[in-house]
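Colleague: One structure, pasted below without further comment.
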Amino acid sequence: MQPGLKLVASTEKDALPILQKAQESRPKDIERYEFVLRTAIETTSESLESAQQDLGKRTQAVEAREEREKKAVEEALTPVEREGKQADDKKVAEKAAAEADKPPARKPPTLLRPGEKVGDKREKKQDQ
């Protein structure tokens, strides 16, 4: 994520002065796009600030928020819904464990050479 955020930050550093210069020049048709220009400047500034923040702190904040939302949803469930959800979670965990224990599926053996298809031999015989 760090290289991506650095690229975003550098692009926004380049774009922000261009947007601000367009706003300061006050062209005669500014009324048409003033709102969009102002929004673009605000959004670019906020995005630049976010990209420059510590990625670790942002990740922790997002994870904490998701955990709070998950707890709130679980607390809102009725007892019957909660039992059903727990049973579903248990089934999913058991299925995942069974899938992990299974060896990967093998490709069936064939007598064809690499690059050769099933219809190739039939076409050759018909040509002869």
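The values are calculated or read from the model by the stated rules, or taken from the named source; none is laboratory data. Remember, it's a predicted structure, so these values are computed and weren't measured experimentally. Note that we place each Cβ from the backbone using ideal geometry, even for glycine, and neighbour counts take in every protein chain shown.
Colleague: Identify, please: which residue in the range 9-43 is of a type in the set (S, T, N, Q), farther than 27 Å from residue 56 by Cα and out of contact with any helix residue (DSSP H, G or I) (no Cβ under 6 Å at 6 or more places or on another chain) and is, among those, surrounded by the fewest Cβ atoms within 10 Å (Cβ to Cβ)?
Modeller: 25
Colleague: Does residue 102 count as over 30 Å from residue 16 (Cβ atoms) and loosely packed, with under 10 Cβ neighbours inside 10 Å?
Modeller: Here the answer is yes, as residue 102 does meet what is asked.
Colleague: To continue, here is another question. Under 9 Å between Cβ atoms, at least 6 apart or on separate chains: pull out the pairs that start in the range 25-43 with a residue that is in contact (Cβ under 8 Å) with a residue 12 or more places away in the chain and end on any residue that is not in a helix (DSSP H, G or I).
Modeller: Close Cβ pairs satisfying both conditions: none exist.
Colleague: Quickly run through the range 54-84 and pick out the residues that are acidic (Asp, Glu) and assigned to a helix (DSSP H, G or I).
Modeller: 63, 66, 67, 69, 74, 75, 81, 83
Yes/no per residue for (1) closer than 27 Å to residue 15 by Cα; (2) modelled with pLDDT under 85:
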{"residue": "34", "(1), (2)": "yes, no"}
{"residue": "39", "(1), (2)": "yes, no"}
{"residue": "44", "(1), (2)": "yes, no"}
{"residue": "50", "(1), (2)": "yes, yes"}
{"residue": "64", "(1), (2)": "no, no"}
{"residue": "72", "(1), (2)": "no, no"}
{"residue": "77", "(1), (2)": "no, yes"}
{"residue": "90", "(1), (2)": "no, no"}
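Colleague: Here is a check on your reading of the model: is residue 6 surrounded by fewer than 13 Cβ atoms within 10 Å (Cβ to Cβ) and either touching a helix residue (DSSP H, G or I) at 6+ places or on another chain (Cβ under 6 Å) or not in a helix (DSSP H, G or I) (or both)?
Modeller: The answer is no for residue 6.
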